[in-house]
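Below is one structure; the comments refer to it alone.
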Amino acid sequence: VFCPQQEERRVRANDREYNEKFQYASNCIMTSKYNIVTFLPVNLFEQFQEVANTYFLFLLILQLIPQISSLSWFTTIVPLALVLSITAVKDATDDYFRHKSDNQVNNRQSQVLIRGSLQNEKWMNVRVGDIIKLENNQFVAADLLLLSSSEPHGLCYIETAELDGESNMKVRQSVSVTSALGDPNNLALFDGEVVCEPPNNKLDRFCGTLYWRDKKYTLTNQNMLLRGCVLRNTEACYGLVIFAGPDTKLMQNSGRTKFKRTSIDRLMNTLVLWIFGFLVCMGVILAVGNAVWEREVGSLFQSYLPWDPPVDNFLFSAFLSFWSYVIILNTVVPISLYVSVEVIRLGHSYFINWDQQMFCSQCNTPAEARTTTLNEELGQVEYIFSDKTGTLTQNIMSFNKCSINGKTYVKMYFQRLDFTPFNPLADPNFCFYDDTLLESVKVGDTHTHKFFRLLSLCHTVMSEEKSEGELFYKAQSPDEGALVTAARNFGFVFRSRTPGTITTTEMGRPVTYTLLAILDFNNIRKRMSVIVRNPEGRICLYCKGADTVLLERLHPCNQELMNITSDHLNEYAADGLRTLALAYRDLSEDEWEAWSESHRCADKAASCREDRLAAAYEQIEQDMMLLGATAIEDKLQEGVPETIAVLSLANIKIWVLTGDKQETAVNIGYSCKMLTDDMTEVFIISGHTVQSVRQELGSVCLSLNGTGGGGKQLQCPPPSPPPPPSNLMDNISGEFALVINGHSLAHALEADMETEFVSTACACKAVICCRVTPLQKAQVVELIKKHKKAVTLAIGDGANDVSMIKSAHIGVGISGQEGIQAVLASDYSFSQFRFLQRLLLVHGRWSYLRMCRFLCYFFYKNFAFTMVHFWFGFFCGFSAQTVYDQYFITLYNIVYTSLPVLAMGIFDQDVPDQRSLEYPKLYEPGQLNLLFNKREFFICIAQGIYTSVVLFFVPCAVLSNATQSTGVPLADYQTFAVTTATTLVIVVSVQIALDTGFWTVINHVFVWGSLGLYFTIMFALHSQTLFKIFPNQFHFVGSAQSTLLQPVVWLTIALATAICIVPVLAFRFLKVDLKPQLSDTVRKHTR
Amino acid sequence: MGKVKGKSGPLARRPDNSAFKQQRLPAWSPMLTATTVLPFFYLMALICMLLGVWLLLTVQSTQEIKLDYTEAGTCDMCFEKRKNVSNAAQICTCTVVFPIKKALKGDVFFYYGLQNFHQNLRRYMDSRDDAQMVGRKTNLKNPSSYCEPFMKDPNGLPIAPCGAVANSIFNDTFTLTYHGSSGPSIPVPLLRKGITWYTDKNVKYRNPKNDNMTLAQVFEGTARPLYWQKPVYELDLLDPTNNGFINDDLIIWMREAAFPNFKKLYGVLYRAKQPFTKGLPAGNYTINISYNFPVQYFRGRKEVVLTTLTWFGGQNHFLPIAYLVTSCLILLIAIILTVVWWKFGKNGKRLEE
């Protein structure tokens, strides 16, 4: 049931009558689209929303009008039915599985509290307002408000892998008043009312209020258990159903992603429109011809063939003839085009999935083409936008260096530290090399202790202790895990946490801290803090965060330490490490009380809650004392520099968009060979204001031109009018790189500066954008899409890359450490950055090549096939008589000529895969769109028309005078039809043989098989048996035999084939000989 | 889509290492190189040349005599007469005299030809009922609606054979007479049977099954086509087995021509008796024509053709000439390609570029 736009949702616990008033959706989900009755009409309706299908339906209707019908209805209905039924079968199977999974899900059992007792109910019978009981490892049935749990403090743990792909456990807590309602009897009496936001798809946000016993309690996402989660480490819990079935956040998120189309698709649509235009022109020419003929000749022929009743003059006859010719000539755009394109793409997708060389054995992940419609665009990529962390790097963090109170501890010795004698709880996998740090811990240096205490307290990691001393940390980000593990090894072991406490073992002594507040991390704050009370009762705030934000909030007395630490931080960043600064602040009881009050207010605020909370956090994170800094190493993935080198040789521009700080980003740039010391200059733009950014861009532009010298110069600011984006600075000598900061980028992306930014950035060989937000990543991609008309590819691994992945032409997800959100949003996924070169240079290149060859040939063969009717029109009084047998017309595209071209479209290779990687320049034709464009299209059409001329006039000239060896003339219609059709099939088969560059067994089988099939089917259709059953349908009886036994016919076929093929062959030979493409040369050398 | 196999372990999801899945199927990758293309072109030119010459020589040995009789001889009278529809029923015969200077040796085939008669119009070609002509009783009395307006006669009787094709049958008849340099005139015997496709005569056209009934009885209740003088069962008065739908002239007419100018076989010289055992001797001939078929409505012409055959049919100059021309063009292209290859492309480009 669909409610009108809800303003808010009201749910009263244990009160079905009250809740039913609102007609909330039940918990029954239906992802299936059809049932047995509605399948046929609904599916057909959907299919006919495709323009192509509707067009063919229109043709079919035209064919049912006897005055127009120039072809039997089955010439259209057979292919149409074939296409429709294949799609319908696919839809039906998909839907069957959806039904099955729906049924399975809807029939899962859950325990519902009804009238004070727990009853087993199917999921689909759960209603909004019901209280249900969940047990450990059960799936959450609906979006629940957690009321109470078996664990202390109303805590429970959930795993959200199905929801957002993150596999770490998360903790949820009930509102304190309800957590006391332990047993079913109390819960049955619970009659609180929840007022909350209407259903939405925001997974990390929930806003509501619980009214119970005249009191208000604020509800947040922290109190919610969302459908799709699994309860873990919790014996049981009770929850109140807030959103059910289709209203749940899981279902609200399952919307379809935006449908992407390739540039070939768009070109194809344009061309198909042109062809329709061409079709109409042909129809008009022939209709005019018909008018003239009917007036001049047909009128004299009336006694032999009077006009059909509704026709009374030549104009009307011409009008009908127009439609008749539209029917006949429609095969220039056959229905099978779209199906074949899909089949080919599907084949290419399978090849990507099957590629062993894109299989990562460490993580047991094969590459996956999640979208099957974009493959050929992989061969045309010009810009790659890459995330850094987890994409270029492994996202496996190791605690590498640290600076404590102005002393830096770095790797100096090659002896790995052994922690076990010192600390039985140490993680044996942890590596650190500087034993002075361990010494410092052992002697009890206060700062060092504080430093590690901070690391052991200030985080959101969950621990799992399977047996005494066997600790497992589950961290939301690998950085945190690395830091907590470091603290653990240095004697500050985080053991467990509850919402109110954190238990650690400090130097072998168990300590429990009272957790007063967690000031959460987010992308704007870029820091997190905890406020804890130690067993002695002292309150302390521990904060860790990005140095830029943290160093601003220090107490002034830290100035000296800050300078030293900053130097260390810069040093670390220059080594490509990820840095964090640590600080603490001792709080007095009064300060804490005052702040905690203001925090409570902010927390309860109904409006702008988040802003007010942020302000409250800001208030307390002041005047902190600097402790030091950490540096975490994130190693480059295997093969990254090589991949980047190969891709830039292929003329693909790589932009790195990262949230890291500038120094880290630049350093990674160097280590992955994007930036090199040979570069003329690396420009850095880091202005904070519009003016300074403009100025910096201007100076970059000047120095670009300064070294460029001569020729076309880039227009420098003030640009009025702004330089056109096509202003490619191809005559700039030297290599440049551009590094731009997030805050500068925000200005550069503004409307008045973006063209300048694009032209400057595109003149540089490498571009690195650091400190960018997810939104900016998407904006940069959109900018290039808008100004460069180039194919873009975005690659990333984290949730922050999703927007970029979605907005680029092609999104690639790296399945790595950071959940699977990026993968879910992506079109292709694999687990190593280096597979990108194979995806683009091998699979993409082949896909593009194959698709282009396929399209060229496909248009050629259909023009050759169809245009014969046009020429025949001049001889048959423009009466829309077809040249071929109607069965030939029906089967030509779906049987006689489909398989060889499909085989070519799926299997063809011009050069072997190793060669495409060795010669990255081979990728260029795709970027320049050389293999299939309007020019190539016209060449194909011209070749098709030339072939049709030969196909018609050679048999016409030969047969009109020829006779069989028995004296019977060969100029009868059926002989002519069979001769032309056979010639056509042979000519297009020879042509596909010429086009095929890679003859596998399958190609041989298909090419020879299609020819064999043609003759077999023709003989069958012209057989006596069929004729005896349907004399009117199979009146070609005996034609095949009688025609193909004639030597003249074979001489005609040979002649026509030679005339069709020789010019093509000569032309191609000249092309290969005089203007060889790189692929030709490589191919020659490969042999 | 990665196929999950029953196996487990770190490589459980590794794709199969089959040549097909890894796109490493053994394959032949041909290339257009000078060593393959140029010899191929020369070979093609040679083959075409040989074929052309051979065909030309063969064609030279055939003879053909064409005679447009639309207004020739005494036929101009009949031509005028047929202009008027009201005279359609009147018989008109005329004679055309022509010489044969050089004897036609071997089998001689006699064709009639029509020009500007469109048997290939779509509605014309559709206007027939093959089910009726194959002898189906239901269709005999109830012909296909495609035959309109030649489906039923004004009295409502079904027409057999129905449709525009049958209705417009060519109904001139010819008798050829030989006037030797000495001796009396001898009528030239023509075989008027066995001149159709085998399948047409034996499969496609059948008379309705008649159990001890004459053809006339079988066709009772049907009308003859409007333009016909005789009913279908009286087409050949001399040979009762050549009547009804299996009449050779009807069958030949029903095989529609692809182009507006066409010829159809009328008969073959019967060579059993002198002086025709070796073909048609030189001398004067007359054709007596029963001039029935009007052509002036559609500005058509009528002709008779006498020809001898070779293994590949009648006189056909286009094919050998086309082969010769093609051969010359291929040769020309081949020479150009050779020159171009020799001068510019011989060394090819180096890979290092």
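The values are calculated or read from the model by the stated rules, or taken from the named source; none is laboratory data. Predicted model only: the values in this text are computed from it and were never measured. All Cβ positions, even for glycine, are placed from backbone atoms using ideal geometry, and neighbour counts span all protein chains on display. In case anyone asks, the SASA skips ligands and DNA or RNA and just uses the protein heavy atoms, side chains included. Shrake-Rupley method; radii C 1.70, N 1.55, O 1.52, S 1.80 Å.
In the list B:Leu265, B:Leu250, which residue meets the criterion of being in a strand (DSSP E or B) and under 22 Å from the mean Cα position of the chain (by Cα)?
B:Leu265
Can you tell me which of A:Asp603, A:Asp611 is within 34 Å of the chain's Cα centre (by Cα) and more than 30 Å from A:Ile404 (Cα to Cα)?
A:Asp611 is the lone residue from the list that is within 34 Å of the chain's Cα centre (by Cα) and more than 30 Å from A:Ile404 (Cα to Cα).
Return only the number of the condition from (1) hydroxyl-bearing (Ser, Thr, Tyr); (2) more than 7 Å from every other protein chain (Cβ to nearest Cβ); (3) more than 23 Å from B:Tyr111 (Cα to Cα) that A:Ser1039 does not satisfy.
In the conditions (1) hydroxyl-bearing (Ser, Thr, Tyr); (2) more than 7 Å from every other protein chain (Cβ to nearest Cβ); (3) more than 23 Å from B:Tyr111 (Cα to Cα), A:Ser1039 misses (3) alone.
A:Leu1051 passes all but one of (1) at the interface with another protein chain (Cβ under 8 Å from one of its Cβ atoms); (2) at pLDDT 95 or above; which number fails?
(2)
Would segment A:257-279 turn up any residue that is open to solvent by less than 60 Å² (accessible area, probe 1.4 Å) and farther than 30 Å from A:Leu849 by Cβ?
No, the conditions are met nowhere in segment A:257-279.
Under 8 Å by Cβ, and 6 or more places apart or on different chains, what pairs join a residue from segment B:27-55 that is more than 10 Å from chain A (Cβ to nearest Cβ) with one that is among the hydroxyl-bearing types (Ser, Thr, Tyr)?
Close Cβ pairs (under 8 Å, with a partner that is among the hydroxyl-bearing types (Ser, Thr, Tyr)) amount to B:Leu46/B:Ser327; B:Met49/B:Tyr323; B:Met49/B:Ser327.
Kindly establish whether A:Ser456 is more than 30 Å from A:Leu647 (Cα to Cα), buried (at least 24 other Cβ atoms within 10 Å of the Cβ) and of a type in the set (Gly, Ala, Ser).
yes
Test of understanding: among B:Gly73, B:Gly106, B:Gly113, which residue is assigned by TED's automatic domain parsing to the domain that holds B:Leu306 and farther than 30 Å from A:Pro1047 by Cα?
Residue meeting the stated conditions: B:Gly73.
Restricting attention to segment A:228-245, report how many residues are open to solvent by 10 Å² or more (accessible area, probe 1.4 Å), at pLDDT 85 or above and either of a type in the set (Asp, Glu) or not in a strand (DSSP E or B) (or both).
0
So, in segment B:298-310, of the ones that are facing chain A (nearest Cβ under 10 Å) and touching a Ser or Thr at 6+ places or on another chain (Cβ under 6 Å), which residue ends up modelled with the lowest pLDDT?
B:Thr310
Among the numbered criteria (1) free of Cβ contacts under 8 Å to residues at least 12 places away in the same chain; (2) in contact with a Cys (Cβ under 9 Å, 6 or more places away or on another chain), which single criterion is violated by A:Asp995?
(1)
Only one of (1) over 27 Å from the mean Cα position of the chain (by Cα); (2) open to solvent by 40 Å² or more (accessible area, probe 1.4 Å) is not met by B:Val340, so which one is it?
(2)
Scanning segment A:956-971 for residues that are open to solvent by less than 10 Å² (accessible area, probe 1.4 Å) and outside any loop (DSSP other than H, G, I, E, B), which turns out farthest from the other protein chains (Cβ to nearest Cβ)?
A:Leu959
Is it true that some residue in segment A:1066-1075 is more than 10 Å from chain B (Cβ to nearest Cβ), in a helix (DSSP H, G or I) and in contact (Cβ under 8 Å) with a residue 60 or more places away in the chain?
No, every residue in segment A:1066-1075 fails to be more than 10 Å from chain B (Cβ to nearest Cβ), in a helix (DSSP H, G or I) and in contact (Cβ under 8 Å) with a residue 60 or more places away in the chain.
Need the failing condition index for B:Leu157 against (1) exposed (fewer than 15 other Cβ atoms within 10 Å of the Cβ); (2) of a type outside the set (Lys, Arg); (3) under 26 Å from A:Gln1024 (Cα atoms); (4) away from every other protein chain (no Cβ under 14 Å), just the number.
(3)
Can A:Asp660 be described as open to solvent by less than 30 Å² (accessible area, probe 1.4 Å), part of a loop (DSSP other than H, G, I, E, B), closer than 28 Å to A:Glu552 by Cα and modelled with pLDDT under 85?
Against the criterion (open to solvent by less than 30 Å² (accessible area, probe 1.4 Å), part of a loop (DSSP other than H, G, I, E, B), closer than 28 Å to A:Glu552 by Cα and modelled with pLDDT under 85), A:Asp660 qualifies.
Identify all residues within segment B:133-146 that are in contact (Cβ under 8 Å) with a residue 60 or more places away in the chain and within 9 Å of chain A (Cβ to nearest Cβ); write none if there are none.
Across segment B:133-146, the qualifying residues are B:Met133, B:Val134, B:Arg136.
Given the residues A:Phe2, A:Phe39, A:Phe58, which is the only one that is out of contact with any Pro (no Cβ under 7 Å at 6 or more places or on another chain), at pLDDT below 80 and surrounded by fewer than 19 Cβ atoms within 10 Å (Cβ to Cβ)?
Result: A:Phe2 is the single residue among A:Phe2, A:Phe39, A:Phe58 that is out of contact with any Pro (no Cβ under 7 Å at 6 or more places or on another chain), at pLDDT below 80 and surrounded by fewer than 19 Cβ atoms within 10 Å (Cβ to Cβ).
Considering only segment A:1001-1022, how many residues are closer than 30 Å to B:Asn139 by Cβ and at the interface with another protein chain (Cβ under 10 Å from one of its Cβ atoms)?
Residues flagged as closer than 30 Å to B:Asn139 by Cβ and at the interface with another protein chain (Cβ under 10 Å from one of its Cβ atoms) within segment A:1001-1022 amount to 1.
Can you pull out the residues in segment A:994-1010 that are more than 14 Å from B:Pro26 (Cα to Cα), open to solvent by less than 30 Å² (accessible area, probe 1.4 Å) and among the hydrophobic types (A, V, I, L, M, F, W, C)?
The answer is A:Val1007, and nothing else.
Hey, could you check segment B:96-124 for residues that are closer than 30 Å to B:Gly283 by Cβ and part of a loop (DSSP other than H, G, I, E, B) and say which is nearest to the other protein chains (Cβ to nearest Cβ)?
Among them, the one singled out is B:Asp107.
Can we say B:Val97 is surrounded by fewer than 17 Cβ atoms within 10 Å (Cβ to Cβ) and closer than 28 Å to B:Tyr270 by Cα?
yes
Identify, from the list A:Phe907, A:Phe953, A:Phe937, A:Phe932, the residue that is surrounded by fewer than 20 Cβ atoms within 10 Å (Cβ to Cβ) and aromatic (Phe, Trp, Tyr).
Values: A:Phe907 fails: surrounded by fewer than 20 Cβ atoms within 10 Å (Cβ to Cβ); A:Phe937 fails: surrounded by fewer than 20 Cβ atoms within 10 Å (Cβ to Cβ); A:Phe932 fails: surrounded by fewer than 20 Cβ atoms within 10 Å (Cβ to Cβ).
It is A:Phe953.
Do we find a residue being at pLDDT 90 or above and within 21 Å of the chain's Cα centre (by Cα) anywhere in segment B:37-57?
Yes, segment B:37-57 contains a residue that is at pLDDT 90 or above and within 21 Å of the chain's Cα centre (by Cα).
Scan the helices (runs of 4 or more DSSP H) fully inside segment A:248-365 and keep the ones with 3 or more residues being among the polar types (S, T, N, Q).
A:263-296, A:314-329, A:336-354
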